[in-house]
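The values are calculated or read from the model by the stated rules, or taken from the named source; none is laboratory data. Please read all numbers here as calculations on a predicted model, not as lab measurements. We place every Cβ from the backbone using ideal geometry, glycine too, and count neighbours over all the protein chains shown. Heads up: the accessible areas ignore ligands, DNA and RNA and are worked out on the full protein's heavy atoms, side chains in. Shrake-Rupley method; radii C 1.70, N 1.55, O 1.52, S 1.80 Å.
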Amino acid sequence: SGVIISSDLDGKFGKPIYLGSTDTSIDVVVRGTDSSVYAIGSSSETLAGKKLAGYRDGIVAKYSSTGKLTALIRSSASKAKREWSSATNSLFLTGPVQTGQNFESALTKFATNLAPSWTFRFASTGPTYATIGPSGSHFAAFTSKSAIKTISNWKPTKPTGLVLTFDSKGALVDAKSATGTPIALGYSKDLGVVLMSSSQTGVSIFRVS
């Protein structure tokens with residue numbers, strides 16, 4: 001089962017909160033802008049009365065400040081394995097979608113009531129990373145495998161790292177290729193967007209200008 005354990009600044013741990021019993025994974029926990037706690041990951045079992053829809057579904061569970069489960073949604077695709085593996089406190093979630101041997105990157109911005117505000121899916125190798133930037137912007141990094149209509153001249157002949165920028169309304173406003181395979185993405189006021197990627201020669205960290 002998935003487990004959430006809170007702690008205070010002194011390192012004192014609270015009572016564990018369990019989600020599921022046999023096959024649920026929590027990959028990310030964030031405190032949202034509404035002070036709720038969101039447990040994000042995947043599951044193949046029934047949770048809060050909501051049954052499995054694909055082979056494995058992405059899940060988002062919302063908890064109150066007292067640890068009460070207040071909402072849960074599943075993200076599914078027919079005969080597919082889905083997972084939410086990266087998230088921001090603004091509830092911008094990313095993760096892989098596997099249907100047979102085909103992989104896509106799913107990117108969805110949720111509202112605090114867990115309704116999707118906007119969403120994209122792109123052909124990829126699977127792993128996808130999210131971060132939040134200034135003025136409500138969001139960034140996603142993954143390894144792209146095909147052309148993207150909204151990006152001019154983007155027609156990779158082999159899997160290529162890609163960093164996408166979305167504005168506060170979900171419009172795709174910028175795209176930059178990246179060296180290597182993305183393995184982490186972050187943002188700071190001093191450095192801006194920072195990408196970590198791996199290659200045959202090692203691990204590199206780039207400032208995405």
Problem - Listed residues 82, 121, 207, 56 arranged by accessible area, highest first, probe 1.4 Å - result: 207, 121, 56, 82
Completion exercise
Once normalised by the length of the stretch 64-139, the mean sequence separation of its alpha carbon contacts under 8 Å that are 6 or more apart gives a contact order in percent of 25
Completion exercise
If N is the residue count of the stretch 62-108, its Cα Rg over 2.2 N^0.38 Å rounds to 1.38
Completion exercise
With the convex hull built on the alpha-carbon atoms of the stretch 84-151, volume per residue in Å³ sits at 97
Exercise for the section: Report the far tail of the P(r) of the stretch 20-121, meaning the percent of Cα-Cα pairs longer than 16 Å. Expected result: 52
Exercise for the section: Express the relative contact order of the chain as a whole percentage, based on alpha carbon pairs under 8 Å and six or more residues apart in sequence. Expected result: 10
Completion exercise
Links exceeding 26 Å between C-alpha atoms in this model, out of 109/176; 12/109; 51/79; 109/145, come to 12/109
Practice task
Would you rank 8, 190, 57 by solvent-accessible area, highest first, keeping every protein chain in place and using a 1.4 Å probe?
Solution key: 190, 8, 57
Practice task
Give the accessible area for residue 66 in Å² (nearest 10); use a 1.4 Å probe, count only protein heavy atoms, and leave out ligands, DNA and RNA.
Solution key: 120
Exercise for the section: Taking all pairs of distinct Cα atoms, average 1/r, flip it, and tell me the Kirkwood hydrodynamic radius of the stretch 4-72 in Å to one decimal place. Expected result: 12.8
Handout entry: All-pairs Cα distance distribution in the chain, expressed in whole percent, bin size 10 Å
Key = 8, 33, 35, 20, 4, 0
Problem - Square roots of 5 times each gyration tensor eigenvalue, C-alpha, the stretch 99-209, largest first, Å - result: 21, 19, 13
Problem - For residue 71, distant residues with modelled amide H under 5 Å away - result: 62
Problem - Charged-residue dipole, Cβ positions (Lys, Arg, Asp, Glu), the chain about Cα centre, Debye nearest 20 - result: 480
Handout entry: Relative contact order of the stretch 7-128, defined on C-alpha pairs under 8 angstrom at six or more residues apart (%)
Key = 17
